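> Dumping the structure here so I can ask a few things about it.
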Amino acid sequence: MVKAIGLLSGGLGSMLAVKVIQEQGIDVLGVSFRTPFFGADKARSAAEVLGIELEVMDITGEHLEMVKDPPHGYGRNMNPCIDCHAMMFNHAGGLMERTGSDFIFSGEVLGERPMSQNRQALSVVARGSGYGDYIVRPLSARLLPVSAPEEKGLVNRDLLLDISGRSRKPQMELAARYGFTDYPNPAGGCLLTDPGFSARLRELEEKEPSFTARDVEFLKVGRQFRLPGGAKLVVGRKHAENERLLELARVGDIVIKADGYAGPVCVIPGGEAGGDIEKAASICLRYSDAPGDKEKLAEVRRGGDVRMLRVRPCDQADVDSVRIGV
Ligand code: SF4
């Protein structure tokens, strides 16, 4: 039996591609990926709907390094889709070899995304993956050059599709034919396509080029500030964010809270506050219930070392001047 590995994002295109391949009697194993920027939850639900097995790979380290300097650049935001797709196909190719499968495929549609899914980009992705001779794009295959698996007769080109462009209509009609009623809309799922998150990430990359996956986790929480001495300050906006910040904080980080007043958890990741500690404490008090007209105490903790700082809550203009991604 012919076996294939399907890249399964959980989006409609990837689900339809699996169906089109399965209809040829080909056995499909799904593969999906996890990084700090996207997870595999949608893919898991899709695999359940499709009744296929799914392998989830954590590619955080390699993906993070690529995001810092993608050879083919970024899309509209911080999304390096060409290199990201090539990396995914590369891992899918490795899985194909390990499982003795015959080819790999995805739900990409020619022209659906102008920058990363035009003819040239699709061929750059295929070449960059190292498995170009094994890639099939079932939804647009009849508009693309004949792939090696088609040539070898592993998959029948006549039964593949010729969908192109940004309209979702053909895909929705196909979804109805396959009885898919509940599928995610195309937007969302990858933080690298989000303008607000991208602004934060761009700032981090500029100021701390060797940032880690943990720094990315901090980017997802609360208000963010870059203090005059260079320290980063993250301020929780609600209870769940305060809890998340406490979860993320490690021994070397500085954690600041208002003393005697309700208010946010504030963290300086890495704890290198330099001359910024008073500014950080005053921002913390600004977002607490402490009245703004007098000096108040802020508790500053680093591991087991706790001290109290007496500062006046920052005024709004000062806060705005150091805020990231407003
Ligand atoms: S949208 Fe995100 S996950 Fe998808 S290819 Fe682009 S960078 Fe990768």
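The values are calculated or read from the model by the stated rules, or taken from the named source; none is laboratory data. Predicted model only: the values in this text are computed from it and were never measured. With ideal geometry, Cβ positions are generated from the backbone for all residues, glycine too; neighbour counts draw on all protein chains shown.
> Across segment 8-42, which residue is surrounded by the most Cβ atoms within 10 Å (Cβ to Cβ) among those that are closer than 18 Å to residue 84 by Cβ and among the basic types (Lys, Arg)?
My answer is 42.
> Still on this structure, I have one more. What number of residues within segment 39-74 are in contact with a Ser or Thr (Cβ under 6 Å, 6 or more places away or on another chain) and near the ligand (Cβ under 10 Å from one of its atoms)?
Number satisfying all stated conditions: 1.
> Residue 320 is checked against (1) part of a helix (DSSP H, G or I); (2) touching a Phe, Trp or Tyr at 6+ places or on another chain (Cβ under 6 Å); (3) among the acidic types (Asp, Glu) and fails just one. What number does that condition carry?
Just one mismatch for residue 320, condition (2).
> Another one. Give the residue that is farthest from the ligand (Cβ to nearest atom), with candidates limited to residues of segment 10-38 that are more than 18 Å from residue 174 (Cα to Cα) and in a loop (DSSP other than H, G, I, E, B). Steps first, answer last, please.
Residues of segment 10-38 more than 18 Å from residue 174 (Cα to Cα): 25-38.
From what's left, in a loop (DSSP other than H, G, I, E, B): 25-26, 36-37.
On the way: 25: 30, 26: 24, 36: 12, 37: 6 Å.
If we take residues in segment 10-38 being more than 18 Å from residue 174 (Cα to Cα) and in a loop (DSSP other than H, G, I, E, B), then 25 is farthest from the ligand (Cβ to nearest atom).
> Test residue 58 against the criterion of being out of contact with any Leu (no Cβ under 9 Å at 6 or more places or on another chain), assigned by TED's automatic domain parsing to the domain that holds residue 137, closer than 20 Å to residue 150 by Cα and of a type outside the set (Ser, Thr, Tyr), and give yes or no. Talk me through it step by step, then tell me what you get.
Values: out of contact with any Leu (no Cβ under 9 Å at 6 or more places or on another chain): yes; assigned by TED's automatic domain parsing to the domain that holds residue 137: yes; closer than 20 Å to residue 150 by Cα: no; of a type outside the set (Ser, Thr, Tyr): yes.
Taking the combined requirement at face value, the residue does not satisfy it.
> Taking only pairs six or more apart or across chains, which ones have beta-carbon atoms under 7 Å, a first residue in segment 73-84 that is within 15 Å of residue 196 (Cβ to Cβ), and a second residue that is more than 9 Å from the ligand (Cβ to nearest atom)?
77/194; 77/195; 77/198; 78/198; 78/201; 78/202
> Yes or no: residue 306 at pLDDT 95 or above and either in contact with a Pro (Cβ under 8 Å, 6 or more places away or on another chain) or surrounded by 15 or more Cβ atoms within 10 Å (Cβ to Cβ) (or both)?
On the way: at pLDDT 95 or above: yes; either in contact with a Pro (Cβ under 8 Å, 6 or more places away or on another chain) or surrounded by 15 or more Cβ atoms within 10 Å (Cβ to Cβ) (or both): no.
In short, no.
> So if I check each of 102, 69, which one is of a type in the set (D, E, K, R) and over 30 Å from residue 156 (Cβ atoms)? Outline the logic, then answer.
Details: 102 fails: over 30 Å from residue 156 (Cβ atoms).
After ruling out the rest, the residue left standing is 69.
> Does residue 161 fit the bill of being among the aliphatic types (A, V, I, L, M), out of contact with any strand residue (DSSP E or B) (no Cβ under 9 Å at 6 or more places or on another chain), under 17 Å from residue 12 (Cα atoms) and modelled with pLDDT of 95 or more? Spell out how you get there, then give the answer.
Details: among the aliphatic types (A, V, I, L, M): yes; out of contact with any strand residue (DSSP E or B) (no Cβ under 9 Å at 6 or more places or on another chain): yes; under 17 Å from residue 12 (Cα atoms): yes; modelled with pLDDT of 95 or more: yes.
Judged against the criteria, residue 161 is a match.
> Return the residue satisfying two criteria in turn: it lies in segment 270-286 and is in a loop (DSSP other than H, G, I, E, B) and touching a strand residue (DSSP E or B) at 6+ places or on another chain (Cβ under 6 Å), and of such residues it is modelled with the lowest pLDDT.
Filtering segment 270-286 down to residues in a loop (DSSP other than H, G, I, E, B) leaves 270-273.
Narrowing the set further to residues that are touching a strand residue (DSSP E or B) at 6+ places or on another chain (Cβ under 6 Å) leaves 271, 273.
Values: 271: 89, 273: 77.
Taking the candidates together, the pick is 273.
> Across segment 149-194, what is the number of residues that are exposed (fewer than 15 other Cβ atoms within 10 Å of the Cβ), outside any loop (DSSP other than H, G, I, E, B) and either of a type in the set (A, V, I, L, M, F, W, C) or not assigned by TED's automatic domain parsing to the domain that holds residue 77 (or both)?
3
> Output the residues belonging to segment 182-220 that are of a type in the set (A, V, I, L, M) and away from the ligand (no atom under 13 Å from the Cβ).
Initially, segment 182-220 is screened for residues of a type in the set (A, V, I, L, M), giving 187, 191-192, 199, 201, 204, 213, 216, 219.
Of everything in segment 182-220, those that are of a type in the set (A, V, I, L, M) and away from the ligand (no atom under 13 Å from the Cβ) turn out to be 199, 204, 213, 216, 219.
> Name every residue in segment 120-147 that is surrounded by fewer than 16 Cβ atoms within 10 Å (Cβ to Cβ), in contact with a helix residue (DSSP H, G or I) (Cβ under 9 Å, 6 or more places away or on another chain) and not in a loop (DSSP other than H, G, I, E, B), in order of residue number. Quick ask: steps written out before the conclusion?
Initially, segment 120-147 is screened for residues surrounded by fewer than 16 Cβ atoms within 10 Å (Cβ to Cβ), giving 120, 123, 127, 130, 133, 145-146.
Retained after the next criterion (residues that are in contact with a helix residue (DSSP H, G or I) (Cβ under 9 Å, 6 or more places away or on another chain)): 123, 127, 130, 133, 145-146.
Once the filter is applied, which keeps residues that are surrounded by fewer than 16 Cβ atoms within 10 Å (Cβ to Cβ), in contact with a helix residue (DSSP H, G or I) (Cβ under 9 Å, 6 or more places away or on another chain) and not in a loop (DSSP other than H, G, I, E, B), segment 120-147 yields 123, 127, 133.
> Quick one: which residue in 88, 78, 1 is within 15 Å of the ligand (Cβ to nearest atom) and not in a helix (DSSP H, G or I)?
Values: 88 fails: not in a helix (DSSP H, G or I); 1 fails: within 15 Å of the ligand (Cβ to nearest atom).
So the residue among 88, 78, 1 that is within 15 Å of the ligand (Cβ to nearest atom) and not in a helix (DSSP H, G or I) is 78.
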